[in-house]
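Here the structure is laid out as structure tokens; the discussion comes afterwards.
The values are calculated or read from the model by the stated rules, or taken from the named source; none is laboratory data. The structure presented is a predicted model; accordingly, all values stated were derived computationally and were not measured. Positions of Cβ are generated from backbone atoms using ideal geometry, with glycine treated the same way; all protein chains shown enter the neighbour counts. All accessible areas refer to the heavy atoms of the entire protein, side chains included, with ligands and DNA or RNA removed. Shrake-Rupley method; radii C 1.70, N 1.55, O 1.52, S 1.80 Å.
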Amino acid sequence: MTNSDPPLLNHYGALFSSHSPQLDDPKNRLVIEECQLPLIDLSGLSNHDETVRRACVAAICGASSEWGFFQVLNHGISPQLVEKMRSEQVKLFKIPFERKASCGLLNNSYRWGSPRASCPKQFSWSEAFHVPLTKVSDEACYGEFISLRAVMIEFAAAMSKLAGLLGSILTANLGHGKEVIKNLCDEGTCFLRLNHYPACPISPEILGLVCHTDSDFLTILCQDQVGGLQLMKDSKWVTVKPNRDALIVNIGDLFQAWSNGVYKSVEHKVVTNAKMERYSIAYFLCPSYDSSIGSFKEPSIYRKFTFREYRDRVQEDVRKTGYKVGLPRFLVSGRGDLLTVSME
């Protein structure tokens, strides 16, 4: 393999030659067992039987506390829409790297690899488009990909509706109104990320996406059947088995802070596949930058902070280390500072 599109191999090779990478990290050499995430049928929320409705809500909240991850069925996004979105996504990523990187598609949001990586373990073997919801309907963002726009608008609206529903259930469970998420979150900071993980025949230790937690309230993931998502459960990595009919939901750092640790933001990563490329689409539910995030109750293990303050801290960590350091948690210190605690 002498070349790749995008030029991930060239970048990775440069990092490899200038460092002595410890690719035999024990965490990566472990045989990873496959897990079955909690599977929740959302049709239970509209069941005429109150017992069934309550059980569905309890399953959502329980999984958010125990796992930080769960899967949902009957989520309101049709298989036909998912298929159309996937087809358009594949066409988009098939165009040559030079065009993706220079033509300004999707609000000029194309990213690849890990520009700030200083060693191989910080490098992500992937490419993506990060599209703010406010730009999804903007015709100027699509260029020749006219058919992508209509599908993106429909898909983003469906994911946004689902995120709002799940967010309201999680806040109501802790005794707060369902409008909390609606009041905090802003279309200007929510976004869709279209991901492509090319096949990587070099080494199984190279990650498609480095270990991290999500910097939002919650994330909804629509993935193909290739697999590769792994999460930390009971202090060990487990592999998530793809389910064709399900979407994956995971709790982000902001919901962990707001819930005072009731809901868990869990470390996860994507491993590469030697022979098969992988596609996924993630929806990120985020607040406005000036929204104040504080625990829903006192005493709190977290002090209040704004989303802007949080993002600045995360970006500072990335600048220093090349990736998001462990699991950022805003804890109360003796001075009331923001503390970042590494989970490694």
SER265 being under 23 Å from PHE307 (Cβ atoms), touching a residue at least 60 places away in the same chain (Cβ under 8 Å) and more than 16 Å from the chain's Cα centre (by Cα)
no
If I go through segment 194-204 residue by residue, how many of them are more than 16 Å from HIS11 (Cα to Cα) and open to solvent by 40 Å² or more (accessible area, probe 1.4 Å)?
1
Evaluate the following for SER137: is it surrounded by 19 or more Cβ atoms within 10 Å (Cβ to Cβ) and either modelled with pLDDT under 95 or of a type in the set (S, T, N, Q) (or both)?
no
Against the definition (surrounded by 18 or more Cβ atoms within 10 Å (Cβ to Cβ), at positive phi and hydrophobic (A, V, I, L, M, F, W, C)), how does LEU37 come out, yes or no?
no
If the Cβ limit is 7 Å and pairs must be 6+ apart or interchain, which residue in segment 56-76 that is within 23 Å of PRO242 (Cβ to Cβ) pairs with which residue that is in a helix (DSSP H, G or I) and open to solvent by 40 Å² or more (accessible area, probe 1.4 Å)?
CYS56/LEU45; ASN74/SER43; GLY76/LYS161
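Within segment 273-304, can you find the residues that are in contact with a helix residue (DSSP H, G or I) (Cβ under 8 Å, 6 or more places away or on another chain) and part of a strand (DSSP E or B)?
Matches in segment 273-304: TYR279, ILE281, TYR283, LEU285, PRO287, ILE293.
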Inside segment 256-272, the number of residues satisfying the requirement of being outside any strand (DSSP E or B), open to solvent by 20 Å² or more (accessible area, probe 1.4 Å) and of a type in the set (Val, Ile, Thr) is 2
Scanning segment 240-255 residue by residue, those open to solvent by less than 10 Å² (accessible area, probe 1.4 Å) and either among the β-branched types (Val, Ile, Thr) or out of contact with any strand residue (DSSP E or B) (no Cβ under 8 Å at 6 or more places or on another chain) (or both) turn out to be VAL240, ILE248, VAL249, ILE251
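Is it true that ALA163 is under 29 Å from GLU298 (Cα atoms) and assigned to a helix (DSSP H, G or I)? Before the answer, list the steps.
Details: under 29 Å from GLU298 (Cα atoms): yes; assigned to a helix (DSSP H, G or I): yes.
When the stated conditions are applied, ALA163 passes them.
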Look at HIS11 and say whether it is in a loop (DSSP other than H, G, I, E, B), out of contact with any Phe, Trp or Tyr (no Cβ under 6 Å at 6 or more places or on another chain) and at pLDDT 70 or above.
no
Test set (1) over 25 Å from SER87 (Cα atoms); (2) among the basic types (Lys, Arg); (3) touching a residue at least 60 places away in the same chain (Cβ under 8 Å) - ARG193 fails condition number
(1)
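For every residue, the table says whether it meets (1) open to solvent by 30 Å² or more (accessible area, probe 1.4 Å); (2) acidic (Asp, Glu); (3) within 22 Å of the chain's Cα centre (by Cα); (4) farther than 25 Å from GLY208 by Cβ.
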{"site": "ARG99", "(1), (2), (3), (4)": "yes, no, no, no"}
{"site": "TRP112", "(1), (2), (3), (4)": "yes, no, yes, no"}
{"site": "PHE123", "(1), (2), (3), (4)": "no, no, yes, no"}
{"site": "VAL131", "(1), (2), (3), (4)": "no, no, yes, no"}
{"site": "PHE145", "(1), (2), (3), (4)": "no, no, no, no"}
{"site": "LEU162", "(1), (2), (3), (4)": "no, no, yes, no"}
{"site": "GLU187", "(1), (2), (3), (4)": "yes, yes, yes, yes"}
Could you tell me whether segment 315-322 includes any residue that is modelled with pLDDT under 75, under 19 Å from the mean Cα position of the chain (by Cα) and open to solvent by 30 Å² or more (accessible area, probe 1.4 Å)?
no
What is the one condition in (1) at positive phi; (2) surrounded by fewer than 18 Cβ atoms within 10 Å (Cβ to Cβ); (3) modelled with pLDDT of 95 or more; (4) not acidic (Asp, Glu) that GLY104 does not satisfy?
(3)
Which residues, taken from segment 205-226, are open to solvent by less than 10 Å² (accessible area, probe 1.4 Å) and either at positive phi or of a type in the set (S, T, N, Q) (or both)?
THR213, THR219
For ALA150, work out the one condition from (1) in a strand (DSSP E or B); (2) at pLDDT 95 or above it doesn't fulfil.
(1)
Considering only segment 228-255, state which residues are more than 15 Å from the chain's Cα centre (by Cα) and not basic (Lys, Arg).
ASP234, SER235, TRP237, VAL238, THR239, PRO242, ASN243, ASP245, ALA246
Subset of segment 24-48 that is at pLDDT 95 or above and assigned to a helix (DSSP H, G or I) - its residue that is farthest from ALA172 (Cα to Cα)
SER43
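In segment 230-239, which residues are out of contact with any Phe, Trp or Tyr (no Cβ under 9 Å at 6 or more places or on another chain) and open to solvent by 10 Å² or more (accessible area, probe 1.4 Å)?
Those that are out of contact with any Phe, Trp or Tyr (no Cβ under 9 Å at 6 or more places or on another chain) and open to solvent by 10 Å² or more (accessible area, probe 1.4 Å): MET232, ASP234, SER235, LYS236, TRP237, THR239.
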